[in-house]
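Participant: Below you will find the structure I want to go over with you.
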Amino acid sequence: MSNKPKKYDQVLGCLLGAAVGDAMGSATETKSTREIEKTFGGRVRDFQTPPEDIPAAGRKAGQITDAFSIPYVLTNHLLNAGGKASRKLGEEALLEWGQSEWFGPFAGMTTRKVVNRLNEDHSLGTWAYAGQLGNKLFKGHYYALSSNGAAVKAYPVGLLNPDNVEKTIEDTIELTMASHDDPLSISGACAIAAAISKGMSGQAGVYDMVQAALEGARTGEALARKRDDVWVYPGPSVTKRIEMAIDLVFRGGEYSRRHMEELRDLIGSGPAIAETVPTAIGLFIAHQGQTMPAIYDGVNIGDETSAIAGLVGALCGVLNGADSICEGYLDFIEGANDIDLRSQADRICAFLEQ
């Protein structure tokens with residue numbers, strides 16, 4: 001990888017970091033930190049076979065979930081469309097993903113609802129029914145709607161718009177509307193996409209990427225609230241939660257495990273985008289952008305470990321490049337999932353050179 005241009009190393013680093021975080025986190029998802037340590041005999045620092053009591057049960061070590069497979073499919077759609085983002089393109093990517101092996105075990109309430117609607121599938125099961133707008137419980141809880149699914153598929157827009165935060169935000173809003181048509185989801189998605197865009201400048205550090213994330217969160221939410229086709233409902237501010245994460249990390253001084261624990265306990269590591277995104281950014285800051293240490297904390301923080309570790313991996317990977325990820329992981333991930341990250345990175349770089 002060292003003989004490739006820096007842009008290629010950054011792009012591949014983002015893709016591989018996101019995939020590694022997702023696949024490694026798939027074995028710990030929904031468990032608490034204590035349960036993770038009990039199940040695996042300590043902190044997880046490598047790919048493990050998912051146990052029988054989690055969503056990835058029955059899958060092999062190193063296999064990805066929705067947290068990486070959706071943006072992987074979306075990236076191909078964006079490249080095929082010459083980088084032109086739209087709500088329709090986002091829907092088409094979801095429809096393709098809905099026919100894949102990942103849909104059944106991993107589609108969340110929001111995404112499952114959208115794919116079923118797009119397929120005009122009226123024979124919904126109990127879990128899918130929970131995503132219908134008429135369900136009072138579903139409507140009454142912001143975390144069921146503004147989920148981290150909007151954020152995990154946001155990094156491709158940042159990769160395709162290096163150091164162009166304004167366009168990144170605009171494109172991210174359009175794509176996010178395909179599945180998460182609310183200001184909170186859009187805010188979190190724009191935060192991640194904007195940070196990746198800034199990282200792709202080649203001159204940005206952790207501080208610059210975090211400031212771009214804050215800009216993305218604020219601007220994305222503000223622009224979303226001006227639209228007539230969004231659904232506005234109560235929920236915590238992603239922007240303010242990111243600010244909380246920043247304050248929490250800096251208040252804690254030199255890194256220790258306490259940073260991970262406080263992010264988990266004070267902000268949360270659950271499926272709400274106002275938990276997942278700020279906590280991922282907090283880990284990114286706490287580890288000063290170091291790729292594998294930050295991914296390990298994402299894997300061991302508990303609950304939504306695939307999403308958090310995947311986001312951390314994308315942020316750190318674009319900052320440090322693919323060489324910051326353990327040797328051999330690229331071949332392992334590609335082989336375990338029958339995906340071609342190198343080819344996708346080549347296509348992205350070819351697009352950027354146009």
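The values are calculated or read from the model by the stated rules, or taken from the named source; none is laboratory data. Here the structure is a predicted model, which means the values were calculated and not measured. Methodologically, a virtual Cβ is constructed for each residue, glycine included, from the backbone with ideal geometry; neighbour enumeration extends over all protein chains shown. Heads up: the accessible areas ignore ligands, DNA and RNA and are worked out on the full protein's heavy atoms, side chains in. Shrake-Rupley method; radii C 1.70, N 1.55, O 1.52, S 1.80 Å.
Participant: Restricting attention to region 61-92, which residues are free of Cβ contacts under 8 Å to residues at least 60 places away in the same chain, assigned to a helix (DSSP H, G or I) and among the hydrophobic types (A, V, I, L, M, F, W, C)?
Facilitator: If the condition is that a residue be free of Cβ contacts under 8 Å to residues at least 60 places away in the same chain, assigned to a helix (DSSP H, G or I) and among the hydrophobic types (A, V, I, L, M, F, W, C), then VAL73 is the only one that fits.
Participant: Given (1) open to solvent by 30 Å² or more (accessible area, probe 1.4 Å); (2) in contact (Cβ under 8 Å) with a residue 12 or more places away in the chain, identify the lone condition not met by LYS240.
Facilitator: With (1) open to solvent by 30 Å² or more (accessible area, probe 1.4 Å); (2) in contact (Cβ under 8 Å) with a residue 12 or more places away in the chain applied to LYS240, the lone miss is (2).
Participant: Condition check: within 15 Å of CYS190 (Cα to Cα), open to solvent by less than 60 Å² (accessible area, probe 1.4 Å) and touching a residue at least 60 places away in the same chain (Cβ under 8 Å). Does ALA213 satisfy that?
Facilitator: Spelling it out, ALA213 is indeed within 15 Å of CYS190 (Cα to Cα), open to solvent by less than 60 Å² (accessible area, probe 1.4 Å) and touching a residue at least 60 places away in the same chain (Cβ under 8 Å).
Participant: Where residues in region 171-186 are farther than 15 Å from SER147 by Cα and charged (D, E, K, R), which of them is surrounded by the most Cβ atoms within 10 Å (Cβ to Cβ)?
Facilitator: Checked region 171-186; the qualifying residue surrounded by the most Cβ atoms within 10 Å (Cβ to Cβ) is ASP171.
Participant: Exactly one condition in (1) in contact with a helix residue (DSSP H, G or I) (Cβ under 7 Å, 6 or more places away or on another chain); (2) at positive phi is not met by GLY253; state its number.
Facilitator: It is condition (1) that GLY253 fails.
Participant: Could I ask something else about it? Test each condition in (1) open to solvent by 10 Å² or more (accessible area, probe 1.4 Å); (2) under 18 Å from VAL152 (Cβ atoms); (3) not in a loop (DSSP other than H, G, I, E, B) for ASP265 and report the one that comes out false.
Facilitator: (2) is the only condition that ASP265 fails.
Participant: Kindly list, by first and then second residue, each pair from a residue in region 327-343 that is under 16 Å from ALA18 (Cβ atoms) to a residue that is among the basic types (Lys, Arg) and open to solvent by 50 Å² or more (accessible area, probe 1.4 Å), limited to pairs with Cβ atoms under 9 Å and residues at least 6 apart or on different chains.
Facilitator: Short answer, once both residue conditions are applied: LEU330/ARG342; GLU334/ARG342; ALA336/LYS60.
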